[in-house]
């Protein structure tokens, strides 16, 4: 199968509901269809509770569909051994507490766990992967520092380096810009785009800012009511009508001086 037609990650008719304390279930996803090809950069959008994080967890095997199939590289995710899947799929979560007693280089080395071939110590391949990850995440200068010495932006760079140390094919980002100021948001997303090209990564990123998503990714997938409400180039799918229907707010599409489009929020 050629790269042009190959699907790396997919959800086929996937439904999922969380169990409730009273014995019932809260449906989150209802018959989701999604296919992502190698090398794609996808922004995953939708209101709170629309199932974005759930979708990522289904692709990593943390959750199993109630109906339908989640697949990676043509095989159901549930059929993969955990370590084998972890060597090819990395996740940057919304938030991860870094243990204070470890230096950054040690934390990034933890990302090599799925590749471990010995009980203690690292191999030359591990050392090369860790250094490359630190360089690519612009975190080499942080290698000797402890986690509790890092700012929010520096911690995000370390998390990126930990994910890159896995040397994955698929990188899943769950609100990677959460708690970052504007400058750090821009720097992080620019780094992800650069690394996608340098490493041949496939990236799915959960984002909240529609304008940021439109600048960041050539493909936007919008979830609403447990289904894919729109899928395509951001300039085509992120219309004022869709934003009103899905997010419940009024926006205007404004053209910029360089020919791009910006969504401006109406207040009142």
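Just so you know, all these numbers are worked out from the coordinates, no wet-lab data involved. Fair warning: this is a prediction, and the values are worked out from it, not measured in the lab. Cβ placement follows ideal geometry from the backbone for every residue including glycine, while neighbour counts extend to all protein chains displayed.
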Original post:
How many percent of the alpha carbon pairs in segment 186-230 exceed a separation of 13 Å?
Top reply: 60 percent
**OP:** Could you work out how far the C-alpha centroid of segment 129-151 sits from that of segment 177-224, in angstrom?
**Re:** 21 Å
Original post:
With the chain treated as a Gaussian network of Cα nodes joined by springs under 10 Å, which of 166, 156, 94 yields the largest mean-square fluctuation?
Top reply: 94
Subject >> Extended-chain gain in nm, criterion 0.36 nm per residue less alpha-carbon gap, residue 239 and residue 102 >> reply: 44.7 nm
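How high is the relative contact order of segment 99-167, in percent, counting Cα pairs under 8 Å that sit 6 or more residues apart?
52 percent.
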Original post:
Nearest 10 degrees, 0 to 90: what angle lies between the long axis of helix 182-199 and the longest principal axis of the chain (Cα atoms)?
Top reply: 70 degrees
**OP:** Kindly give Rg over Rh for segment 1-160, based on alpha-carbon atoms, with the Kirkwood expression for the hydrodynamic radius.
**Re:** 1.02
**OP:** Sort 151, 50 so the one with the fewest other Cβ atoms within 10 Å of its own Cβ comes first.
**Re:** 151, 50
Original post:
Which value at 222 nm does the chain reach when only helices count, each DSSP H run of 4 or more adding -39,500 (n - 2.57), with the total divided by all residues and rounded to the nearest 500 deg cm²/dmol?
Top reply: -9000 deg cm²/dmol
Subject >> Spread of Cα-to-Cα distances over 5 Å intervals beginning at zero, given as percent, for the chain >> reply: 1, 6, 12, 15, 18, 16, 13, 10, 6, 2, 1, 0, 0
Original post:
So what is the orientation-averaged projected area of segment 95-200, using the convex hull of its C-alpha atoms, in nm²?
Top reply: 6.6 nm²
**OP:** Could you work out the mean projected area of the convex hull around the alpha carbons of segment 117-268, in square nanometres to one decimal?
**Re:** 12.3 nm²
Original post:
Which order do 148, 73, 209 fall in if you start with the one that has the fewest other Cβ atoms within 10 Å?
Top reply: 148, 209, 73
Original post:
Could you state the number of Å between the C-alpha centres of segment 231-268 and segment 57-80?
Top reply: 33 Å
